[in-house]
Structure formats: structure tokens, C-alpha cells
Amino acid sequence: METSNRQITFTPDLFEPVQKSPEDVEKITGSPVGFWGDAWRRLRRNRIAIVAGIIILLVLALAVAGPWLTPYTTVGQMLDRQYKPPSLSGYWFGTDEFGRSMFDRVWAGTRVSLYIAALVTAMDLCVGLSYGAISGYYGGKVDNVMQRISEILNGVPILIVAVLTLLIMKPGILSLTIAIGLVGWTNSARLIRGQVLRLKEQEFFLASRSLGASTFRLISKHLLPNVFYIVIITLMYTVPTAVFFEAFLSFIGLGIQPPAASLGALINDGAHQMRFYPYLLIFPAAVLVAITISFRLLGDGLRDALDPRMRQ
Amino acid sequence: MLKYTLKRLVNAVIVLFIITTATWFLMQLLPGSPIQNFEKLTPEQRVQVQKQYHLDDPLPVQYALYMTGLLRGDLGDSYLYGGRSVTSIIMERLPVSLFLGAQAIIVGLVVGLFLGIVSALKRNSIWDSGAAFLAVLGVSVPDFVLAPLAQYWLGLKLGIFPIAFFESWWHSVLPSLVLSTIIAAVIATFTRTEMLEVLGQDYVTLAKAKGLSRLAVVLRHVLRNSMIPLVTIMLPLTAALVTGTLIVETVFSIPGLGEQFVKSIFEKDFPVIMGTTILYSVFFVGSYLLQDILYGIIDPRIRVAGHRE
């Protein structure tokens, strides 16, 4: 065999055997990447989603700390400093008709809007997750009845439910949350039900079931962890919808009542005075748009990262 | 198909009945009497007013009266406007809203289709990213931000459009444009996705291989097949327009149904709120019904399963 190769002569002493063990095989492939690690790697490569995430963090930080960055308060009136235009040295976002600093009011309003959005999202998830999981898990008659109920709720215009709820209850953070959350959960329930129906047919589920696992264990150990990523994606889309609806209801006057303000209430005030003081509209509107766009883009990024099959 | 349609129809009627009943009873829960300054009226006037609005009857009778009236298309009388019938108020206001909505749909459809087709054909080019950016902006910027900004820039600063009222066709342009943004954005995204899917199909490759011109392939084979699902998203979009008209008509002071609805909420004119709510619900439920039926015609698998996943 060696005769065919004249330049280099291979002799057995040139080689040394590789120690083959399971550990070495692992070393070559690197440490295993889990589901979340994999998703994070995909997400990190999506520059738009990362920028959106940073904007969300920034808005959150300002909503928490914003009003403390200036020496002014959001309540009371100071008529000697009405309608000061925005400037870097004085009022960063200007002042309104009562001389209140718009910088403070915008971030306090953002805080209210995001707070309501967080409550609505939590409500949406609790109800949607349990409703979808139960409906999909039990199937059959239970599923049928539950599907009919959510179909009826789906047929009811969300806007009208919200308006009616707010007409009956006093406008405020709690009533707004209930009004917006009442109908919104059907979408996440539908998604989760679909995923549970799929999971139910898979082998690992059958295995666990035939080993005698209880219903609680089946749902909590096998179903919920596998629908968790849907929950996260839904969450990203629920937040902007909730912010939008809160702003809409405040805009038509059914939301947060003065002197408290949300982004929608501020935009409404700003729209009325826009002709002479456009900055009263532009700042709250910009924050609102930044929030809705960022959450949507981050949601798209997360969807692509967590469930590449859903990529469009 | 008939059985499926009937099932959907029965479902829709049940939904409407539940909505109407729930709304009616919720209206009874509303705080305060429908008649302001009730104590200032003389006893005779009180009796007269209560008779006129059937407020002296027990609740079940009032409910039965309302529901039988509803079947005849009678929505009761407004508490304001000298007791005008709700039906006549709606009939006066509805055409304006329908006009704005129709105009917005046409503009949104044209712009959305254009953006969607261009970005699908020039995939991953600067056109594609530009259209995607516009679509995200269109979905994310709410009407109540866009409407005042449009009033300010296009109406006041540039002076192209009138900023309020509804006196000529020219007055309807700006509100329709604002309304059409979300439609255009949704249709653009949708068209792009559908077209990319169809472009990858074997029959498109075959059409190209046959030597058909690019235009013929796009128009006859790709676009036609991408448009099938589009028929069905038009309807929820139409329903979303209702929310839009509430805002846009209020901002632009346009005497449409949306403006009346918002005004009635402030004036606590319950019969008008109730009548408009029912009309909107019919609109929503009807468009979903139509969509489900269209889905059933287009995709026979749905009929068997009874619903889509």
C-alpha cells in the first residue's frame, strides 16, 4: 500500500490512537444548547428586535424614574409659567396650560398606561392560559361548550364591551383594566388550545399518561412548559393592544380622569391645543408610538426566535 | 354547504340576541335617572314623561317592549333631540360614515396591494424594507395620533385640506386617508406573505417555464391565487374601521354615526347608545358570518371541521 505514495511515507509510529470516550464526543460538539439558549442566539442576531428591546427598557426606566429627574411635580398649578416651550435648560418637554411640566406628566402618564397594560396582560394570560389549556386538554363536550362560549365573546365588539363597562363603573385604572381585559383573552386562549391539542397527540405525553401521571402533573409538567413560548409571544402583542385601547378610551373621555393622566388623556389634551402648542401633542404621541412599535417588533423577533416555523 | 351556512347563521343570531339582551340589562344598571332634573317636574309631567318612555312599566315588560320593537326596526326614541326616533338619527348619520369607510377601504386596498406586490416581487431589496417599515408604522400609529397630526401638517401648515366639518367631497379626503392607513398596512403585509408563498409553488415555475411574460405570470397566476385569502381579511378590517370612524369623525367634527355615538356617551342618551351598539354588533357579527361562509366556500376542509384552527 505504501508504494503508491513516494513523497511521504506513512509509518505506524507517526500516529497515536485517539482516546475515544463519551466525554470527548461531547467536547467536540460543545456544550448542548437548550431551547432558550437557541432562541436567544437567534434573537441576538435580529438587530431590529434588539433595538426594540432597548427602547422598551428605556421607556420602562423613564416611566419609573422620569418624574424624579426634574424638580417639578405633576399636580397643582403655577400660572406664571404657563405654556413654556420645550427647552434643554428649563422644561424639557415644555409646560401645559396649568404650568405643569410636560416631561413629568408624559412619564407619569406612561407609567399609568404601562401599569394598565401590565394588569390587562396578566389577566389575559391567567384567563386565556387556563381556559385554553382546559378546553384543549379535556376536548370533547367540554371543549365544544367552551369553544361556543369563546366564539360568542369573540363576536362581541371589544370596543362596545369596553364602553359599556366604563359607563357602568367609575372610570379609573381598575375599571379600565376590567373593560379591556374582559374580551381580550379569547385570542390567547385560542392559540393555547391549538397548541395543547397538538401536544396531546405526541408520544411523550402518551408515555407520561400511561405511567399513571395525574391530570395536574400532565398539565403542569408537560403541557404548560411547552406552551410557555406562545405565552411570551402573546404577551408581546397584548401589551401594545392594551396601551392602544386604554389610550383610545381615555381619548374619547372614558378613561383616566384629571388630574391623573395616561398617554391617551395627554394626547387628547394635546390634540385640542395643537394649533398653538404642538409640543403638547407630539411628546406623548411619540412615546405612545415608540411603545407600540417596539413591542410589535420585539414580538416579531421573539416569534421568529422561539418558533422559527411561524416565520413569515 | 347549506347546513354549514345555516349553522353559522343560527350562531350569529344567538350571539346578537345575547349581545342585545346583555346591553339592555346593562343599560338598566347605569347610574342615575335618564331624566335630568326629575324633581323639578310637576307630577303630571313626570307621569307623562314616564309614559312616553315606558319607564313606569316593570322591567320585564320594558324589555319585551324593546325587543318586539327591535324586530320591527323600532329602536325607541332619543332622550334628547325632542324625542326623535333613534332609527331616524341613525339613518341620517350612517350614510356619512359608510361613505368615509368605503373611500378608506378603496384607498387602503390600492395602496396596500401596491406595497405588498412590490415588496414581494423585489424581496429583500430597499423597496421591501421601505414597505415593511411603512406597514409597521401604519399598524402602530393609532388614528387618534395620526388624525390631529394630519390636521396640523396637511391642514394648517400646508393648507391643502380643510381640517373639519363635512361640506364637500374635499372635506372627506383627509379623514378617509387617516382611516385608510391601517387597512393599507395590514393588506400590504398580508399580500406580501401570500404572494411569496404562491411564488414558490410549482405551477408558477411551470408558468415561467412555458415562457409566459413576467407580467402575465404575476397577474394571472400569482396575484389571482394570493387574493383568495385576502377576500376574508377584508371583513374584520371593515369591522376595525368602526373604531376608526369613532375617532376620526370626532377629531374632524364630521356628522357621522361614530361622532354621534361618542356624543351620546357624554350626553347619556341611552336609547341612542343602545341603538348604535346594536347596529355595530350586527355589523361585526354579520361580517364575521360572511367571512366564515366565504372561508367555507373557498376551503372545503373548514366545512367538515366546523371551524378553522
Check the stretch B:258-267 and report whether any residue there is within 30 Å of A:G264 (Cβ to Cβ), of a type in the set (D, E, K, R) and more than 21 Å from the chain's Cα centre (by Cα). yes
Which of (1) touching a residue at least 60 places away in the same chain (Cβ under 8 Å); (2) under 30 Å from B:F283 (Cβ atoms) is the odd one out, the single condition B:R123 does not satisfy? (2)
For the stretch B:45-56, which residues satisfy the criterion of being surrounded by 14 or more Cβ atoms within 10 Å (Cβ to Cβ) and over 36 Å from the mean Cα position of the chain (by Cα)? B:R46
Might you let me know whether the stretch B:140-150 holds any residue that is among the hydroxyl-bearing types (S, T, Y), farther than 30 Å from A:F251 by Cα and in a helix (DSSP H, G or I)? no
Could you check, for the stretch B:140-150, whether at least one of its residues is surrounded by fewer than 20 Cβ atoms within 10 Å (Cβ to Cβ), within 14 Å of chain A (Cβ to nearest Cβ) and of a type in the set (F, W, Y)? no
Output the number of the condition that B:A22 fails; it satisfies all remaining conditions of (1) under 21 Å from B:I273 (Cα atoms); (2) loosely packed, with under 15 Cβ neighbours inside 10 Å; (3) more than 14 Å from every other protein chain (Cβ to nearest Cβ). (3)
From the options A:L129, A:L159, A:L167, residue that is facing chain B (nearest Cβ under 9 Å) and farther than 26 Å from B:Q291 by Cβ: A:L167
Qualifying positions in the stretch A:268-312 - within 10 Å of chain B (Cβ to nearest Cβ), over 18 Å from A:L62 (Cα atoms) and part of a helix (DSSP H, G or I): A:N268, A:G270, A:A271, A:H272, A:L281, A:R296, A:L297, A:D300
Of those in the stretch A:196-255 that are within 14 Å of chain B (Cβ to nearest Cβ) and surrounded by fewer than 15 Cβ atoms within 10 Å (Cβ to Cβ), the residue nearest to A:L174 (Cα to Cα) is A:R198
Tally up the residues in the stretch A:163-177 that are under 17 Å from B:A22 (Cβ atoms) and in contact (Cβ under 8 Å) with a residue 24 or more places away in the chain, please. 3
Looking at this structure, is B:V61 without any contact (Cβ under 8 Å) to a residue 60 or more places away in the chain, crowded, with 16+ Cβ neighbours inside 10 Å, of a type in the set (A, V, I, L, M) and assigned to a helix (DSSP H, G or I)? no
In the stretch B:271-286, what residues are surrounded by 19 or more Cβ atoms within 10 Å (Cβ to Cβ) and more than 8 Å from chain A (Cβ to nearest Cβ)? B:P271, B:V272, B:M274, B:G275, B:T276, B:I278
In the stretch B:252-266, which residues are away from every other protein chain (no Cβ under 12 Å) and either assigned to a helix (DSSP H, G or I) or surrounded by 24 or more Cβ atoms within 10 Å (Cβ to Cβ) (or both)? B:G256, B:L257, B:Q260
Filter the stretch B:70-113 for residues that are more than 15 Å from the chain's Cα centre (by Cα), loosely packed, with under 15 Cβ neighbours inside 10 Å and part of a helix (DSSP H, G or I) and give the result. B:L71, B:Y81, B:G82, B:G83, B:S88, B:M91, B:E92, B:V110
Please find, within the stretch A:240-273, the residue that is nearest to A:G37 (Cα to Cα) out of those that are out of contact with any Ser or Thr (no Cβ under 6 Å at 6 or more places or on another chain) and β-branched (V, I, T). A:T241
When you check B:S129 against the structure, is it out of contact with any strand residue (DSSP E or B) (no Cβ under 7 Å at 6 or more places or on another chain), within 11 Å of another protein chain (Cβ to nearest Cβ), more than 21 Å from B:L174 (Cβ to Cβ) and polar (S, T, N, Q), yes or no? yes
Among the residues of the stretch B:166-200, write down those that are touching a helix residue (DSSP H, G or I) at 6+ places or on another chain (Cβ under 6 Å), closer than 18 Å to B:G256 by Cα and not small (G, A, S). B:L174, B:P175, B:V178, B:L179
Based on this model, can you work out whether A:A265 counts as under 24 Å from A:P85 (Cβ atoms), of a type in the set (A, V, I, L, M), more than 9 Å from every other protein chain (Cβ to nearest Cβ) and within 23 Å of the chain's Cα centre (by Cα)? yes
Any residue at all in the stretch B:216-225 that's over 25 Å from B:F144 (Cβ atoms), within 14 Å of chain A (Cβ to nearest Cβ) and surrounded by fewer than 19 Cβ atoms within 10 Å (Cβ to Cβ)? no
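None of the figures in this text is laboratory data; all of them are computed from the coordinates on show. Here the structure is a predicted model, which means the values were calculated and not measured. Ideal geometry is used to build each Cβ from the backbone, glycine not excepted, and the neighbour counts take in all protein chains shown.
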